[in-house]
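Below is one structure; the comments refer to it alone.
The values are calculated or read from the model by the stated rules, or taken from the named source; none is laboratory data. As the structure is a computational prediction, the values presented were derived from the model and not from experiment. Virtual Cβ from ideal backbone geometry, glycine too; neighbours counted across all protein chains shown.
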Amino acid sequence: MSQATALGHAEHKPPYRSSKLPDVKLLMWVFLASDCMMFGAMIGTYLVYKGRSLVGPYPLDLFDIPLTTVSTFVLLMSSFLMVLALDALRKDKISQFRLWTTGVIVFGTIFLGFQVFEFSHFMELGLYQKTNLFGSSFYMLTGTHGIHVAVGVLWLIALVVASYIRPTASKDAVYLDIAALYWHFVDIVWIVIFTVVYLVDFV
Amino acid sequence: MASASASAPGLLGRPTGTRGISSWITTVDHKRLGILYLVTSFIFLLAGSIEAGLIRAQLALPEQQLVSPDFFNQLFTMHGLTMVFLAIMPMGIGLANYFVPLGIGARDLAFPRLNSFGYWIYALSGIMIYTSIFLGGAPDVGWVAYAPLTSLSANPGNGVDFYMIGLAINGIGTLVTAMNLIVTIVNFRAPGMTYMRMPLFAWMMFITSFLIIFAFPPLTIALVQIVFDRSFNFVFYVTQAGGMPILWQHLFWIFGHPEVYIIILPAFGVISEIIPTFSRKPLFGYPIMVLSGIFIGFMGFAVWSHHMFTTGLGPVANAVFSITSFIIGIPTGIKVFNWIATLWGGHIRFTVSLMYAIAFLVTFVLGGITGIMVAVAPFDQQVHDTYFVVAHFHYVMGGGALLTFLGAAHYWIPKMSGRMLSERLGKWAFWFLVPGFHIIFFPQHLMGLVGMPRRIQTYEANIGLDFFNLASSIGAGVMGIGLVLFLITLVQGLLRGKPAGDDPWDGRTLEWATTSPPPAYGFHVVPKILDRDPLWVLKHPEMLEGGHYQGDLAAEAADDEEFESFHMPGASWMPFMTALSIVMGGYGVLYQNWFLALLALALLIFFVFAWAFEGLGGEHYTVRKATGEIVSVEGGH
Amino acid sequence: MFTFWLSVVVLVLVGAALIYALVRFRSRPSDKGIPKQVHGSVLIEAIWTTLPVIIIIMIAIPTVRAIFETESRFEPTEDDIVVNVMGHQWWWSFEYPDLGIVTANELRFPVDRRLVLNVDSADVLHSFWVPRLGGKIDLIPGQDNRLWLNSNEVGEFYGHCAELCLGAHAYMRFRVFADTPEDFDAWAEAFQQAQVPELAAQAPAAPAQSELVQQGEALFAQKGCIACHNVSGYLTEGVRTGTPNYPDLTNFGLRETVAAAVMANTPENLAAWLSDPQAIKPGNYMPTLWAADDPNREEEIAAVAAYLLSLGVTDPESGEDLAMGGAN
C-alpha cells in the first residue's frame, strides 16, 4: 500500500497519450472541420441561388458595405483581443485574462448588434426569408453565423464567470485555447461570407 | 480499498450504481454503450425487416392491393430510413464502440459522456421517427426525400417533418461519436501501438469517422432547409420562387454517397479481422489495405453525381462521374484480392464467422460488379430507378454489411458475453439467410432489366415481371426464417452458451488478451505492443525475429514501472438528459409549439452547463503490472 | 455488352481463386503449427492494381464516347419530331409545337424520324422512360431537360414514370408508338383537323352520330367534364375547354389505352374508369361523377364512354378512322 501512497493522491500523473495534442483541442479541430462543411454547404447554396431570385429586393439594393466593413473590423479586433486573453492566461495573469476576454465578449456583442440592425433594416426594405431565394439563403447563412457568435459569447461569459467561482490558472489554459480556436474559426467564416456575399457583388 | 465518489451529491451528482435500468441510462462505459448500440440496432433491423416483408408480400403478385399506394410509400421510406440510419450504420458504430478501444489498448473512448450522448441521441431520434406512424403517418417520400415531393404543398402531413427533424437530430449523434472516435484513435493508443500496428478495424473506423465529419453537415443543411421551407416560409425548394430541386439532390448525395462507405468500411474492417483469425495468417498487404481504405474514403466524395445521371447534368459531368465511379472500384477490388490472398496458404477453419465472411466475399463482389455496370452512365440511364439498382445496393449493403455483422456477432459475442453462440444453430440460420438473400435479390437484377421501376406499389400483369417478383417474395420468406433462426441462435447462446474463455478463437488482436467479458476497466494490464497482431506475436515470439518487427524491442520494453495508474470515467445523467431535451425540442419545432421548443432550449442549456460543471467522478485505479492485481481504487475529484 | 462480359470474366477468375483457396487450404487434422505468416508482396499488389486499372480504362473509353454521342446538346433539325412533354401527377401531356397537336398519355412518331423530347414538370419530379427505346430523363420543374429517341421498327412501346411522384406513381404509365410515316401523317392530321381553328373550319362535316353518342356529348358538359378536360371542336372551333392541368381528350377514340396506359381502351374498361376512378388508380385527381345510387348511372356512363370512343373516329359503322388508314 505504501508504494501506492507514494504515487500521491492529490497529484495523478498526466495520463499517457499517443500524441501531443490535448484531447479537447483535437476534439475542437475535428468539430471545426465538420462546421466548415456545414458553412460550405450554406455558402454553396447561396452561390447556386445567386442571381436567380425572381423578385427583389436584390443584394445591390440592400447592402451597406461601409457599415458591414465596420462590423467586420469589430469582429477581427475581437480575435486580436482573444489572442491577448489566451496569452495572459498562459502566463497566469488572471485579471488580464478576464479583461481581454471581456473585451472579446463586448466586441462580439457589438458585432451581433450590427447583425440585428442589418436584419431589421433589410426587413424594413422588404427582404424576408419568404421573399425570394436571396432572402432565404442570406438569412440562413448569416443567421447561422450569428448564432455561432452568440454561442461563443455565452461560452466566454461562462469562462469568465467560472474564473471567479473556482481557481483558474495557466493549467486551465487549454479550455480557453479551444474557445479561442472556435472564436477564430467563426471570424474566418465571417471573412469568407463578407467576401463572397457582400464584396463580390460590388467588385 | 474503494472509497466513495467525491463528486457533487444529490440529483446532479454522478451516479455510482452498476445495476438496474438507471445504470444503463447513465453508463459511460464504452462496452455497455456498444451493447446498447448493438441491441437497439438489431431491434431496428427487425422493424426494417418487417417493412421489407410487407413490401415483398404486396409485390408477390401483380395488381394486388394488400396495402394502399400511400401506405406502400411509407413502407419503403421507413424501410430505407430504418436500415440505413437506424440499423446498419449504428451496428458498425456499436462494434467500434466496443472493440476500437480494446483493439488499440485503450480503456475507454476519449470522451465517455459524449459517447453516451451519441447513443441516446440515436435511440431517442429513432424512436421519434417511429412515433410518426401513430402521429399522422410515417414519411412517404422515399429515403432520399427528393424535393419538391417534400414541399408543404405536395405533402402537407407531418410525415416529412418527422423525417427531416428526426434525421437532423440523429445526425448530431453520429457526428459526435465520429469526433470521439477520432480523438480516441489519435490520442489513446497504448504505448507501442503505432498507427501501422492498429487492427485494421480500428483503421477503418478512423477513416469512417472522417467520412462522417465531412459528409453529415451537407445533409444537415439540406434537412434544415426543408424544415425552414415547411415551418418558417423559406423558399429554398419552392418552384414558384425559382427554387431548384436539383440542389437538394446535390446536397443529399454529397452526403449520401459517402454514407454508403460509412456503412461498408466498418464491415471491411470486420472482415479484415475475421479472415486472418480463421486462416491463422496475418492480413495480406496490411499497408495496402490501409491505403486503399483511405483512397476509398477520399474518392467517396468524388462520385456523388452518379446518382444523378438521368437529371440532365450534361455529358461532361456524366463522363467525369462515370470515370470517378470506375476509379473507386479499383481499391475495392484490391481489398477483395488481399482477403483471398490472406486465405491462400492458411489453415482455414470454417466457423460460422468465416462462413459469413465468405458469403460476404461472394455477395459483395457480385454487388461490386453491378456497381461498375451502373457506373457506365448510358447503362445507368436504362436501369436507374429500377430494380436493377435495388438489387445492386442490397447486394453491397445487405450482402456486404449485414452478412458481415452477422459474422461479427458470432465472432465477438463470445468476448462481449463470455458465452459462445452455437455453431450448429448458427449454420442453420446461415443456410436460410444467405440463400434466401440471393433468392430475393438476384431476380431483381432481371426485373430491372425487363423494365420494372422502383417504388411502385404494383405492376401490370403478364409483361414479364410476374415470375421474378414471386420468386423474390418467396426468397423473403426464406430469409425471414433465417432471421428467426439467427434470433434463436442469439438467445440460446446468450442464455446457455458454452463459456468462452479469454481467447476462444486463438486470436491475434488485443481484445482477446483480456477476460470475456472484459472488466469495467478493459484490461487488467495492457499488454506490451510489439507489432501488428500484438497478441499473436506474444504467442509466437519467433515472428519478431523474422524481420517483421520494425521497432526497438528494448526501448519498448523499457517502460518497467511497477505500477500502472489510470482513471476510469464516472457515470452521468447529463448526456441522456441533454439528448432528451433536444428530442423534446424537435417535437416542439415539428408541432410549431414554441413554448415546448423554448422550454427544451432552456433545459438544453441547463443540462449542458450541468454536464460541464458536474465534477470528475469515476475512480482512480492503481494496478500492479506484473500480476494485474488492483492495488487501490479511489473516487475521482 | 462488352462491360457485361468483362464483368463475367472477372467474376469467374475471382470466384475460382476463392473456391480454390477454400478447398485447398482448409485446415486438416494433419496441420502442424501455424502456416507461413506471409505479410504481403509488393509485386503481387502491383500486378493486381495494374490489371484493374487497365480494365477500367478499357471500359471508360467506350463509356465516355457513348455519353457524348447520346447526350451532347443539339438543336433539333427540320426532320426531327419535337414533342414538349409536361409531367403531371399522374399523367403525361404531349404537345407537338410544330404540328399544333396537344394530346395525353400516348405519343406517336414516324419510325423514320428522330423523336426529340423537351421535358418539364408541372408539379413534382417525374421521369420519362420507354425501356425498349432508350434511357430515361427526369422531369424537374423549372429545368429544361431533353432526350432523343428513335426506333428501328414499327411498334408499340410501353413507358412508365420512373421517379417517385407519390399517389398513383405506380399507375403513371404511357405508350409510345413508332408508326409508318403514312400512319403518323394520318394521325397528325386528325389532330390538326380538330385543333387548328382554320383547319377545323375546313374539316368535312362529322358523320351522323348515334343517339347514345349524342347523349354522351351532352353529358360531357352537364357532368362537368369540360371544366377539366379539353376536347377540341366541342365548343366553337379553336376554343379550348378545360385546363392544361388535366389530360386533353381530343380524338380519344384513337387511343389504345385509358388512364395513362393502365388499361386497354375498350367500352367496358372506359365505363369502369368513369364509374370508379379511384378503384382503378387510387389517389388520382379524377372525381367520382356518379353516386352509387344514381339511377341513371349505367346509362349515362355508357353514353359518355360511347361519346369519348367516337372522338376522332370518322366512320362509326366500320369504326374506320383517319389514323389507322382504314383498319381499326
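When residues in the range B:243-272 are screened for being part of a helix (DSSP H, G or I), closer than 30 Å to C:L139 by Cβ and not small (G, A, S), 15 of them pass. Under the condition of being at positive phi and among the charged types (D, E, K, R), the residues counted in the range C:136-187 number 0.
Checking every residue in the range B:205-214 against the condition of being farther than 22 Å from A:K25 by Cα, in a helix (DSSP H, G or I) and within 12 Å of chain A (Cβ to nearest Cβ) gives zero matches.
Report whether or not B:F301 is within 12 Å of another protein chain (Cβ to nearest Cβ), over 20 Å from C:V53 (Cβ atoms) and buried (at least 22 other Cβ atoms within 10 Å of the Cβ). Break it down stepwise before answering.
Working: within 12 Å of another protein chain (Cβ to nearest Cβ): yes; over 20 Å from C:V53 (Cβ atoms): yes; buried (at least 22 other Cβ atoms within 10 Å of the Cβ): no.
It is false that B:F301 is within 12 Å of another protein chain (Cβ to nearest Cβ), over 20 Å from C:V53 (Cβ atoms) and buried (at least 22 other Cβ atoms within 10 Å of the Cβ).
Just one of the listed residues (B:A375, B:A357) is more than 7 Å from chain C (Cβ to nearest Cβ), surrounded by 21 or more Cβ atoms within 10 Å (Cβ to Cβ) and within 23 Å of the chain's Cα centre (by Cα), namely B:A357. When residues in the range B:360-372 are screened for being surrounded by fewer than 21 Cβ atoms within 10 Å (Cβ to Cβ) and either in contact with a Phe, Trp or Tyr (Cβ under 6 Å, 6 or more places away or on another chain) or outside any helix (DSSP H, G or I) (or both), 0 of them pass. Starting from residues that are buried (at least 24 other Cβ atoms within 10 Å of the Cβ) and more than 7 Å from chain C (Cβ to nearest Cβ), keep the ones in the range B:342-353 and report whichever is nearest to B:T404 (Cα to Cα). Filtering first and then ranking leaves B:S353.
Looking only at the range A:137-183, residues that are free of Cβ contacts under 8 Å to residues at least 40 places away in the same chain and among the hydroxyl-bearing types (S, T, Y) come to 2 in all.
Report the residue count in the range B:607-621 for those that are part of a loop (DSSP other than H, G, I, E, B) and modelled with pLDDT of 90 or more.
Filtering the range B:607-621 for residues part of a loop (DSSP other than H, G, I, E, B) gives B:614-618.
Next, only the ones that are modelled with pLDDT of 90 or more stay: none.
Of the residues in the range B:607-621, 0 are part of a loop (DSSP other than H, G, I, E, B) and modelled with pLDDT of 90 or more.
Considering each of B:G547, B:G628 in turn, give the residue that is within 25 Å of B:F201 (Cα to Cα) and modelled with pLDDT under 85. After applying the criteria, what remains is B:G547. The residues in the range C:245-279 that are in contact with a strand residue (DSSP E or B) (Cβ under 8 Å, 6 or more places away or on another chain), part of a helix (DSSP H, G or I) and touching a residue at least 40 places away in the same chain (Cβ under 8 Å) can be counted, and the count is 2. Go through (1) more than 8 Å from chain B (Cβ to nearest Cβ); (2) of a type outside the set (S, T, Y); (3) surrounded by 20 or more Cβ atoms within 10 Å (Cβ to Cβ); (4) without any contact (Cβ under 8 Å) to a residue 60 or more places away in the chain for A:V30 and report which single condition fails. So the condition that A:V30 fails would be (1). Restricting the range B:459-518 to residues that are among the aromatic types (F, W, Y) and part of a helix (DSSP H, G or I), the residue that is nearest to B:G103 (Cα to Cα) is B:W512.
For C:S7, indicate whether it is at pLDDT below 95, within 7 Å of chain B (Cβ to nearest Cβ) and exposed (fewer than 11 other Cβ atoms within 10 Å of the Cβ). Quick ask: steps written out before the conclusion?
On the way: at pLDDT below 95: yes; within 7 Å of chain B (Cβ to nearest Cβ): yes; exposed (fewer than 11 other Cβ atoms within 10 Å of the Cβ): no.
Considered against the rule, which asks whether it is at pLDDT below 95, within 7 Å of chain B (Cβ to nearest Cβ) and exposed (fewer than 11 other Cβ atoms within 10 Å of the Cβ), C:S7 comes out as no.
Restricting attention to the range A:70-92, the residues that are surrounded by fewer than 19 Cβ atoms within 10 Å (Cβ to Cβ) and either without any contact (Cβ under 8 Å) to a residue 24 or more places away in the chain or charged (D, E, K, R) (or both) total 7.
Against the numbered list (1) closer than 21 Å to B:V224 by Cβ; (2) surrounded by 15 or more Cβ atoms within 10 Å (Cβ to Cβ), A:F114 comes up short only at (1). Is it the case, given these coordinates, that C:F128 is of a type outside the set (K, R) and touching a Gly at 6+ places or on another chain (Cβ under 8 Å)? Yes. Just need a number here: residues in the range B:148-203 that are outside any helix (DSSP H, G or I) and either polar (S, T, N, Q) or surrounded by fewer than 23 Cβ atoms within 10 Å (Cβ to Cβ) (or both). Looking only at that region, the number is 13. Only one of the listed residues (A:I191, A:I178) is more than 14 Å from chain B (Cβ to nearest Cβ) and of a type in the set (V, I, T). That residue is A:I191. When the test is whether a residue is modelled with pLDDT under 95, farther than 22 Å from B:M447 by Cβ and within 7 Å of chain B (Cβ to nearest Cβ), C:G167 passes it.
Figure legend. Inter-residue proximity from the range B:491-508: first residues free of Cβ contacts under 8 Å to residues at least 60 places away in the same chain, second residues assigned to a loop (DSSP other than H, G, I, E, B), beta-carbon distance below 6 Å, spacing 6+ or different chains. Indicated pairs: B:D502/B:T515; B:D502/B:S516. Taking each residue of the range B:80-98 that is closer than 17 Å to B:H410 by Cα and looking for partners that are modelled with pLDDT under 95 and crowded, with 24+ Cβ neighbours inside 10 Å with beta-carbon atoms closer than 6 Å, six or more apart or interchain, yields nothing.
May I ask you to verify whether B:F350 is of a type in the set (A, V, I, L, M, F, W, C), within 19 Å of B:G507 (Cα to Cα) and more than 24 Å from the chain's Cα centre (by Cα)?
On the way: of a type in the set (A, V, I, L, M, F, W, C): yes; within 19 Å of B:G507 (Cα to Cα): yes; more than 24 Å from the chain's Cα centre (by Cα): yes.
Judged against the criteria, B:F350 is a match.
Of all the numbered requirements in (1) in a helix (DSSP H, G or I); (2) more than 10 Å from chain C (Cβ to nearest Cβ); (3) of a type outside the set (V, I, T); (4) under 30 Å from A:G135 (Cα atoms), B:A317 misses one, and that requirement is (2).
Which count do you get for residues in the range C:157-189 that are of a type in the set (A, V, I, L, M, F, W, C) and closer than 18 Å to C:S93 by Cβ? Spell out how you get there, then give the answer.
Of all residues in the range C:157-189, those of a type in the set (A, V, I, L, M, F, W, C) come to C:157, C:161-162, C:164-166, C:168, C:170, C:172, C:174, C:176-178, C:184, C:186-188.
Still in the running and closer than 18 Å to C:S93 by Cβ: C:161-162, C:165, C:168, C:172, C:174, C:176-177, C:187-188.
Residues meeting the conditions: 10.
Within the range C:37-78, track down each residue that is surrounded by 12 or more Cβ atoms within 10 Å (Cβ to Cβ), part of a loop (DSSP other than H, G, I, E, B) and out of contact with any strand residue (DSSP E or B) (no Cβ under 9 Å at 6 or more places or on another chain). Selection gives C:Q37, C:V38, C:H39, C:G40, C:S41.
In the range C:150-163, of all residues being surrounded by 16 or more Cβ atoms within 10 Å (Cβ to Cβ) and within 12 Å of the chain's Cα centre (by Cα), the one that is nearest to B:D385 (Cα to Cα) corresponds to C:A162.
When the range C:15-45 is filtered for residues that are more than 7 Å from chain B (Cβ to nearest Cβ) and more than 14 Å from B:F337 (Cα to Cα), the ones remaining, listed by number, are C:V23, C:R24, C:R28, C:P29, C:S30, C:K32, C:G33. Taking the range B:95-126 as the range and being in a helix (DSSP H, G or I), touching a Gly at 6+ places or on another chain (Cβ under 9 Å) and over 15 Å from B:I172 (Cα atoms) as the test, the residues that pass are B:L95, B:A96, B:N97, B:Y98, B:F99, B:P101, B:L102, B:P112. Residue-level check: of (1) facing another protein chain (nearest Cβ under 9 Å); (2) more than 30 Å from B:W536 (Cβ to Cβ), C:W48 misses just (2).
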